[in-house]
Amino acid sequence: MEFTRGKQLAARLRQLVPGGCHTYAKGDDQYPELAPALIARGNGCHVWDVDGNPFIEYGMGLRAVTLGHAYPAVVEAVRACLDRGTNFTRPAPEELACAEAFLALIDGADMVKFTKDGSTAASAALKLARRHTGRDLVAICAEHPFFSYDDWFICTTTADGGIPRVVYEQTVQFRYNDLASLRAQFAAHPGQIAAVFLEPARLEDPAPGFLEGLVALCHAEGALAVFDETITGFRWHLRGAQGLYGVVPDLSIFGKAMANGFSQSALAGKREFMHWGGRDRPDEDVFLLSTTHGVETPALVAAIATMEIYRSEPVVEHLHRVGARLADGLRQASLRHGLLAYVEPVGRPCNLFFSTRDPAGKPSQPFRTLFLQELIKRGVLGPSFVVSYSHQDEDIDRTIDAVDGALGVYARAIAAGTVDGLLVGSPSRPVFGRR
Ligand SMILES: Cc1ncc(COP(=O)(O)O)c(C=O)c1O
């Protein structure tokens, strides 16, 4: 495989755009040296880089593309809307249609406000909670890797340049499936915590009673429970993880899977909290998600079309089924190579990851990079194994073959105790560490 043109364009991009990309997770430092640098086009679960190399893709636009790249029904709906104009001086009917379609799925929410990304929606949820409670602090789940690009979250990471000192004092952390750790934060900061943020589930399922207990504890302490469903929304269940687990939060955030890669996210919740962003009462004074591009109609139309497909076709079932097939294939291949202690599937099949451990059994960036390099050589672009509705059994089986080949090389590195001599270039590195 040649990556010549990709390398040239990536070098120019790095000169013009800090980080060489617009999401750090897409950056050059996240991938092996021998990797496609820029993707030119996609179709279903297949992508082609600017050098013309084809790949079966996992990750799917950082999990935004649930149905598949250039999914015909979504593309058609958007194409039809483009001729009608895309942004007007008064609301468009699509805003009503999208709100109705969304709220028909998310039972616990009475109102919704749309915006372009999950970070903005999450920060708006915190603002509402602060207005409602008159408190400043936020408690976030320590194991969950990302809630927002805003300071209230980024201050807990090592990429925290440019954040005022005062912000650090306003974010505290608790542990998933550990109500005692949240109780301890409420006790340490009595009457000060406005909101509790967590993903309802990530790698592990909630322990019985955990989510219910968390919502009850928030209410007993006068705080709002906010579920970040940016990833779980429409992947875990048609009605979100809150639908799957049967627990209603006060506010929730949806994003990624809403519009099959178009830029659309949502802040949703109970009327008693969402109303602060209204204009009917004199005290409704929260400037809530008011932006020029918040609801350009193509993204709304894409969201409506995508949600319609979720309703009418077995999308979530498919994600779970093909994800489970891939998880099983990976586990079997790993077993055959004697590598189960080093490489194994992790997480829910609809949102699959894999571990990449070094000979000492520790998570390893060099070994991860080697695995990615060897998958890429075999036509699989797999920063994770996140599947879409377009991944068919034959794609999964071809991927398992690639995994098998990549694990052969991985086994040699484990036996040698190092990736030296096998990995070309430097190991990738995490976007940031957590404090
Ligand atoms: C759980 C979670 N919340 C929020 C966000 C932020 O979403 P966005 O990148 O659309 O701002 C992400 C992004 O990765 C996420 O994974």
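For the range 144-156, a residue qualifies if it is open to solvent by less than 70 Å² (accessible area, probe 1.4 Å), out of contact with any Cys (no Cβ under 9 Å at 6 or more places or on another chain) and within 13 Å of the ligand (Cβ to nearest atom), and the qualifying residues are 144, 145, 148, 150, 152, 153, 154. Name the single residue that is farthest from residue 228 (Cα to Cα) among those in the range 147-156 being in contact with a helix residue (DSSP H, G or I) (Cβ under 7 Å, 6 or more places away or on another chain) and part of a loop (DSSP other than H, G, I, E, B). The extreme case among them is 155. Residue-level check: of (1) in contact with a helix residue (DSSP H, G or I) (Cβ under 6 Å, 6 or more places away or on another chain); (2) farther than 28 Å from residue 67 by Cβ, residue 386 misses just (2).
For the range 216-247, a residue qualifies if it is part of a helix (DSSP H, G or I), surrounded by fewer than 24 Cβ atoms within 10 Å (Cβ to Cβ) and touching a residue at least 60 places away in the same chain (Cβ under 8 Å), and exactly one does: 243. Please find, within the range 286-321, the residue that is surrounded by the fewest Cβ atoms within 10 Å (Cβ to Cβ) out of those that are of a type in the set (Gly, Ala, Ser) and assigned to a helix (DSSP H, G or I). Per the stated criteria, the residue is 312. Here residue 294 qualifies as at pLDDT below 95 and over 20 Å from residue 237 (Cβ atoms).
Candidates 161, 213: the one that is of a type outside the set (Phe, Trp, Tyr) and assigned to a loop (DSSP other than H, G, I, E, B) is 161.
Total residues in the range 69-121 satisfying the condition of being within 30 Å of residue 56 (Cβ to Cβ) and basic (Lys, Arg): the figure is 2. Each residue in the range 227-248 was checked for being within 23 Å of residue 130 (Cβ to Cβ), under 19 Å from the mean Cα position of the chain (by Cα) and more than 11 Å from the ligand (Cβ to nearest atom), and 1 pass. Residue-level analysis places residue 117 outside the set of residues that are more than 15 Å from residue 288 (Cα to Cα), open to solvent by 40 Å² or more (accessible area, probe 1.4 Å) and either within 11 Å of the ligand (Cβ to nearest atom) or among the basic types (Lys, Arg) (or both). Any residue that is touching a Lys or Arg at 6+ places or on another chain (Cβ under 6 Å) and in a helix (DSSP H, G or I) - is there at least one of those in the range 248-264? Within the range 248-264, one or more residues are touching a Lys or Arg at 6+ places or on another chain (Cβ under 6 Å) and in a helix (DSSP H, G or I).
The residue that is most open to solvent (accessible area, probe 1.4 Å), among those in the range 125-143 that are more than 14 Å from the ligand (Cβ to nearest atom) and part of a loop (DSSP other than H, G, I, E, B), is 136. Of the residues making up the range 356-379, at least one is farther than 24 Å from residue 143 by Cβ, modelled with pLDDT of 95 or more, open to solvent by less than 50 Å² (accessible area, probe 1.4 Å) and in a loop (DSSP other than H, G, I, E, B).
Scoring residue 416 on the criteria (1) of a type in the set (Gly, Ala, Ser); (2) more than 22 Å from residue 204 (Cβ to Cβ); (3) in contact with a strand residue (DSSP E or B) (Cβ under 6 Å, 6 or more places away or on another chain) leaves a single failure, condition (3).
For the range 98-109, does any single residue satisfy the condition of being closer than 16 Å to residue 234 by Cβ and at pLDDT below 95? Yes, the conditions are met somewhere in the range 98-109. Taking the range 159-207 as the range and being touching a Phe, Trp or Tyr at 6+ places or on another chain (Cβ under 8 Å) and among the aliphatic types (A, V, I, L, M) as the test, the residues that pass are 159, 167, 179, 182, 184, 193, 196, 198, 201, 203.
Scanning the range 159-193 for residues that are out of contact with any Pro (no Cβ under 9 Å at 6 or more places or on another chain) and of a type in the set (S, T, N, Q) yields 170, 171, 173, 181, 185, 192. Scanning for something modelled with pLDDT under 95, under 21 Å from residue 73 (Cβ atoms) and either open to solvent by 10 Å² or more (accessible area, probe 1.4 Å) or within 16 Å of the ligand (Cβ to nearest atom) (or both), does the range 257-268 turn up at least one residue? Checked the range 257-268: at least one residue is modelled with pLDDT under 95, under 21 Å from residue 73 (Cβ atoms) and either open to solvent by 10 Å² or more (accessible area, probe 1.4 Å) or within 16 Å of the ligand (Cβ to nearest atom) (or both).
The values are calculated or read from the model by the stated rules, or taken from the named source; none is laboratory data. All values derive from a computational prediction rather than experimental measurement. Glycine also receives a Cβ, built like all others from the backbone with ideal geometry; neighbour counts cover every protein chain displayed. Surface areas here come from the heavy atoms of the whole protein model, side chains and all, with no ligands, DNA or RNA. Shrake-Rupley method; radii C 1.70, N 1.55, O 1.52, S 1.80 Å.
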